[in-house]
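Everything below concerns the one structure shown next.
The values are calculated or read from the model by the stated rules, or taken from the named source; none is laboratory data. It should be emphasised that the depicted structure is a prediction, and the values quoted were computed from it without experimental measurement. Here the Cβ positions follow ideal geometry from the backbone for every residue, glycine too, while neighbour counts run over all protein chains shown. Accessible surface areas use protein heavy atoms only, side chains included; no ligands, DNA or RNA. Shrake-Rupley method; radii C 1.70, N 1.55, O 1.52, S 1.80 Å.
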Amino acid sequence: MTGTKRGSTGQIGARRKRVEDPRLLTGQGTFVDDIQLPGMLHLDFVRSTHAQARIAAIDTSEAAKCPGVVAVYTAEEIHGFVPLLPGPAELPGLRAPEHHVLANGHVRYVGEAVAAVVAEERYTARDAREAIRVDYEPLPAVTDMERALEADAPLVHEEFGSNLAFELPLGNETAAALEEADVVIQQRMLNQRVIPNTMETRGIVADYRRSDGQITVWLSTQAPHLIRSLLAELLDLPEHRLRVIAPDVGGGFGAKANLYGEEMLAVALAKQLGRPVKWIEERQEHMLATSHGRAQLAHVTLGAARDGTIRALELRILADMGAYPHIMTPLAPLQTAAVMTGCYRIPCARAEIQGVFTNTTAPDPYRGFGRAEAAYYLERAIDLLARRLDLDPIEVRRRNFIQPEEFPYSSPTGYVLESGDYEVCLRRALEKVDIGALRQQQGRLRSEGRYIGIGFASYVYRAGFPSLPKLPRTGFLKGGWESAWLRVDPMGKVTVLTGTSPHGQGLETSLAQIAADELDIDLEDVVVRHGDTASIPHGNGTMGSRSLAVGGSAVLLAAREVRHKALRLAAHHLGVEVDAVRLEAGRAFLPGHPERAISFADLADLSYSFLDLPDGMTPRLEASATFEPHNWNAPFGTHVCVVEVDVQTGEPKLLRYVAVDDCGRAVNPLIVEGQIHGGVAQGLGQALMETVVYDSEGQPLTVSFLEYATPTASDMPTLEVELTETPSPLNPLGARGVGESGTTGAPPALVNAVVDALAPFGVEHLDMPLLPERVWRVLHEAGAVR
């Protein structure tokens, strides 16, 4: 399936600058907050200041008196016209609590919406919310998963009798293999809670037109069509009267694939009040109320032979559900379990998963959703194994790699890896860092009292989800397919409509390259449109590294159909058989007879005529296509991190970072490298500094950038990125995902490097984030510093 044509214009594989960048970099982009409509109202929220409390009373009288305030709402006022939010994906035994848009008598995390204000001006609404008085009766809260499962823990939902949301096993039996193993490694590992922190926070504008019942919604979202379907179902609106537009979106990272209560309320109020309603999330609200990421704890057990051959892997996973799990929240640990064996031949693997309610914001998809956690646990465990056996961690990886001839390879957890060549990435990464010389330098510097560490991570994850019946129902995903529409105007210019909805990935460029390459025309002659449900019939959005491999394949299939129609039309006008005509460099011609040619623009113009078309051909050069993958594709790679740890301060300093990644056919290597750079930055941020901290009463202590650290340019080394290309057999492009490669490879590579640097002091494991204080304390306990 991977035999894509490379046209004479050479678009596929070309390092083209992003065509969308001039618009975005010069301030000409249109984001939700740029939308201004006549008569627009502004929505704001009062949020809980308690992690758990009963609401004794809410006094909105003073807020209602404020000049410019149109209405004030509590759960009581919206009852009857605003329904409950959708529950989590269906899993066996999952307890799903009712999730109200505004808290109904009880709050269960700091940041939960309690009341809403609608006013003529944004700052009027903000002032009015301060006038609302909420009388709370505080209750004990729990934010730690292990504590939440103890018998005397405060209950997040009393009706369930415990904080256990669900239990689920996945995989085969491991007991016998672990019993027979020569060595068994056990380690508790934390994948701490982090905040997505998109550049643009969430926001919505909803406009209701009474004359025909049309509702138009501008929303910062990754999936406009899926949100339209959810809104239509929940608010009992006819879907054809509901238009959702995702304008320019300033990042998503998974956090904008969900429908939130604030958004549903804005749409309901626009209809009720008959005026446009806008809500723009403040940064502190984003940190409190937008879904978080990761929030997993795993007890890892790895059994192996003395030569380092892995026999069994066992994970006991605690996955934080927060107080109210979103649609996708419970699927994170399932993703972790599915890919827990990574790129290794491990015959016995089993995960025991427990979902846990806590008095916190719900985690949800975050770049690497579930799969980055799996890579972290496994790559750390392999380094622990190598340390225990006094083996080279590189050789332990090599000894256990799945070999190219073994694909497709079925893992014990049921995931089938379609193809790969893991040794290629590892070998190139080692060559780039010059591992022999690097280890000599490491030994020399240690003798001088400087502690250099070298960390490796070989990863694989799954991307581009298929429509598999065994996947849990999510309540809003329509499947793994994606659609594209391609039409040529009378002047020969091409418009591509895609059901994916980019938010920074450069798809306006990459998808245009695919179409231009197949039609053999200039890239400047192609424009890509997206994000508007009124002009694009349907799409499943952007998430899970699917847009290029799945959405791009749909574009390729549509372009192939248009190419075929253009060749038929050219053959008809040149009076020859279709097989005699070639389409290259913007013209159709007969090889050897350059005078017998017709330009692509002239063909496009001719296609609009009903009078002289080939038999059975419909007018216009246009086509639609849908592509459905039958399995996940498997991106892979090896990352190498080199650090120096200052033993007096505990600060890790990044010296080098090498990433060799395989995303199959790279349509635009420049964009691919940019994706890897961004992903590595996020992954290093988690490993080094990012974490959500709660106090003993459930109060979050990281609610602004003053307390929640994210990496800046000065924290990053120069990233050395290289691509290998192992085409995937699962789609006609031969492409694999890449958007989550950096966040998957970076955390284990960096932690392995720091632990390697501290090996002379007997340090075997450190939990993320590797804050200088945490590293210093470990060194202090080891007697390295006084």
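Over all other residues within a Cβ to Cβ distance under 13 Å of ASN258, the charged ones net out to -1, with Lys and Arg as +1 and Asp and Glu as -1. The alpha carbon centroids of region 535-595 and region 361-405 are separated by 42 Å. Each label was represented as a point 7 Å from its Cα along the Cα-to-Cβ direction; for HIS240 and GLN272 these points are 2.9 nm apart.
The GLU395 and SER704 beta-carbon pair, evaluated with R₀ = 51 Å, returns a calculated FRET efficiency of approximately 0.65.
Each residue of region 507-519 was assigned a 3J(HN,Hα) from its phi angle through the Karplus expression (A = 6.51, B = -1.76, C = 1.60, θ = phi - 60°), giving 5, 4, 8, 4, 5, 5, 4, 4, 5, 5, 5, 5, 8 Hz with x at Gly and Pro. Model label sites at GLU121 and LYS478, defined 7 Å from Cα along the beta-carbon direction, differ in position by 4.3 nm.
Remark: for residue pairs LYS17/LYS432; LYS17/LYS565; LYS256/LYS278; LYS256/LYS653, the C-alpha separation exceeds 24 Å in LYS17/LYS432; LYS17/LYS565; LYS256/LYS653. Remark: region 36-48, residue by residue, has Karplus-estimated 3J(HN,Hα) of 10, 10, x, x, 6, 9, 10, 10, 9, 10, 8, 10, 4 Hz, where x stands for each Gly or Pro and the curve is 6.51 cos²θ - 1.76 cosθ + 1.60 at θ = phi - 60°. Here the Kirkwood formula, the inverse mean of 1/r across different C-alpha pairs, assigns the chain a hydrodynamic radius of 27.8 Å. In the chain, the calculated helix contribution to ellipticity at 222 nm averages -8000 deg cm²/dmol per residue, counting -39,500 (n - 2.57) for every DSSP H run with n ≥ 4. For region 81-118, list residues with backbone N below 14 Å from a point placed 7 Å from the Cα of LEU164 toward its Cβ? Within reach of a label on LEU164: 93-95. Rolling a 1.4 Å probe across the protein heavy atoms gives region 708-760 an accessible surface of 26 Å² per residue. When Rg and the Kirkwood Rh are both derived from Cα coordinates, the Rg/Rh ratio for region 643-786 amounts to 1.06. The residues packed around ARG529, meaning those with a beta-carbon under 14 Å from its beta-carbon, carry a net charge of -3 if Lys and Arg are +1 and Asp and Glu are -1. Take the Cα coordinates of region 1-152, assign each an equal point scatterer, and use the Debye formula without solvent to give log10 I(q)/I(0) at q = 0.10, 0.12 Å⁻¹. With no solvent term, the Cα-only Debye profile gives -0.62, -0.75.
Karplus-based coupling profile of region 774-781, in residue order and whole Hz: 5, 5, 4, 4, 5, 5, 5, 5, with θ = phi - 60° in 6.51 cos²θ - 1.76 cosθ + 1.60 and x standing for Gly or Pro. Computed from the C-beta positions of ALA585 and LEU655 and an R0 of 41 Å, the FRET efficiency is 0.30 to the nearest 0.05. Across the accessible surface of the chain, with the other protein chains kept in place and a 1.4 Å probe, carbon and sulfur atoms take up 49 percent.
Peptides 281-293, 170-182, ordered by how many other C-beta atoms sit within 10 Å of their residues on average, highest first, read 281-293, 170-182.
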